[in-house]
Amino acid sequence: MKLIYSIHKYDVTMFTWLNSVAIHAYLVRFCRMISRTADGFLYVILAAWLYWDQGINDALLRAMILAFLIERPVYTLLKKGFKRNRPQQALQDFQSVITPSDQFSFPSGHTSAAFMVATLVGYFAPALLPVLYVWAALVGFSRVVLGVHFPTDTLMGVVLGVGAAIFSLNYIL
């Protein structure tokens with residue numbers, strides 16, 4: 001219990017600092033844009049393109065489908081199991097920049113999906129992996145800047161997304 005309290009205390013400290021620095025106001029517009037890229041629309045476009053171009057037997061498409069079939073239920077179980085309040089509910093006098101899509105904070109679904117897709121696409125196009133991981137990291141960062149996640153929510157999103165991708169690749173390939 002002491003470990004969880006220490007982690008939460010660190011989370012709140014990092015979150016509060018990031019959301020109070022002078023540059024925060026300038027980051028918000030950029031972070032809104034980055035966060036939107038992980039809303040899911042691009043994943044559907046990618047899957048549709050892969051299906052249209054290569055058919056259902058495309059390894060990346062099959063890996064993406066399996067990864068999402070694993071990641072989304074695990075994400076939902078973790079959200080409902082931990083029931084961690086979002087910063088707006090957990091911190092007095094704090095208002096998030098955007099309205100979150102659901103009630104709980106842990107883990108970050110945007111971050112997990114971004115890292116999952118980045119890992120999958122990066123496996124099949126290794127030259128893109130660094131750029132994809134920078135994008136995915138910016139998605140996680142944006143969720144903290146926008147005030148809807150604590151830093152450890154996004155860290156768990158990384159673990160969940162990469163884990164689902166690796167499992168999926170091992171199964172499909």
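Some values worked out for this structure:
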quantity: Choice from TYR26, TYR75, TYR133 showing the highest fluctuation, given a GNM over the chain with Cα pairs closer than 10 Å; calculated: TYR26
quantity: Computed [θ] at 222 nm, deg cm²/dmol, the chain (DSSP H ≥ 4; -39,500 (n - 2.57); rounded to nearest 500); calculated: -24500 deg cm²/dmol
quantity: Surface accessible to a 1.4 Å probe, per residue, for the residues of segment 39-173, Å²; calculated: 51 Å²
quantity: Whether segment 110-173 is rounded, prolate or oblate, judged on the alpha carbon gyration tensor where a/c under 1.5 counts as rounded; calculated: oblate
quantity: Under 15 Å, Cβ to Cβ, from LYS83 - net charge with Lys/Arg +1 and Asp/Glu -1; calculated: +2
quantity: Normalised per residue, the volume of the convex hull around the Cα set of segment 67-134 (Å³); calculated: 95 Å³
quantity: Modelled label reach - PHE82, point 7 Å along Cα→Cβ, segment 1-39 residues with backbone N closer than 11 Å; calculated: 8
quantity: Volume in Å³ per residue [convex hull over Cα atoms, computed for the chain]; calculated: 120 Å³
quantity: Sparsely packed trypsin sites (Lys or Arg not before Pro) within segment 51-102, loop by DSSP, other Cβ within 10 Å at most 12; calculated: LYS83
quantity: Principal-axis tilt of helix 151-172 within the chain, Cα atoms, nearest 10 degrees; calculated: 10 degrees
quantity: Shape category assigned to segment 25-118 from the gyration tensor of Cα positions, a/c cut at 1.5; calculated: oblate
quantity: Label-point gap, in nm, between LYS9 and GLN95 - each point 7 angstrom along Cα→Cβ; calculated: 3.1 nm
quantity: Potential lengthening between ARG72 and ILE166 on full extension [0.36 nm per residue; Cα-Cα distance subtracted]; calculated: 32.3 nm
quantity: In degrees, nearest ten, helix 24-36 long axis to first principal axis of the chain (Cα); calculated: 30 degrees
quantity: Segment ALA25-LEU129, length gained on full extension (0.36 nm per residue, minus Cα span); calculated: 34.5 nm
quantity: FRET efficiency for LEU18 and LEU46, using Cβ-Cβ distance with R0 set to 30 Å, rounded to 0.05; calculated: 0.50
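The values are calculated or read from the model by the stated rules, or taken from the named source; none is laboratory data. Predicted, not measured: the structure shown is a model, and the values here were computed from it. FYI the Cβ positions are ideal-geometry reconstructions off the backbone, even for glycines, and counts take in every protein chain you see. With ligands, DNA and RNA removed, areas are computed over all heavy atoms of the protein, side chains included. Shrake-Rupley method; radii C 1.70, N 1.55, O 1.52, S 1.80 Å.
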